[in-house]
């Protein structure tokens, strides 16, 4: 029974991915003013249109909650402090993702929560990558950590398409989704040799 529950919990990662991307996609579809180059994803969370803000904020809140069982799947799948650390870091990342929806960009807590989310996913990639560095999956996770940091460094250095944060935010979200679905220790699609 535990193995079945672990598989269901691992599938929650896919569910969280669908919910988060779905909420963002609905919000973007309802916001003709949104621009990848000129705005931030969080601008959707404070949009004048209530449907836009609700889709974005509730999408992130629900995705963060739906993703929590995925951490349990990682926690119970392997032994060892480093493996458990990855699971605990993932919990922090999911709670911070939900926090971005709870604290929209007009809230004083938004910036620290959003920054914390992007830092947390980088830490997840790095910790998992270091733990499994002898495997293909571990090296991919390390590459994700480096890529995530590099693209934010380029943004800060002024190498970007416009002033908006949406592109680097989507890159980070995309890396997280790929890690969850294909790279992590309990990836439901498990196509990368772990």
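Fully extending the segment from residue 33 to residue 81 would add 12.6 nm, taking 0.36 nm per residue of separation and subtracting the current Cα-Cα distance. Using Cα atoms only, what is the angle between the long axis of helix 110-131 and the major principal axis of the chain, expressed in degrees (0 to 90) to the nearest 10? Tilt relative to the chain: about 30 degrees. Rounded to the nearest 10 degrees, the angle from helix 166-178 to the longest Cα principal axis of the chain is 20 degrees. Ranking of 133, 139 by neighbouring Cβ atoms within 10 Å, starting from the fewest: 133, 139.
Pairing the Cα long axis of helix 81-102 with the longest principal axis of the chain, what angle in degrees results, from 0 to 90 and rounded to the nearest 10? Approximately 20 degrees, to the nearest 10. In this structure, residue 2 and residue 143 have a Cβ-Cβ separation that, at R0 = 41 Å, corresponds to a calculated FRET efficiency of about 0.80.
Rule-based calculations on the coordinates, nothing more; no lab input. The shown structure was predicted, so the numbers you read here are calculated from the model rather than taken from an experiment. We place every Cβ from the backbone using ideal geometry, glycine too, and count neighbours over all the protein chains shown.
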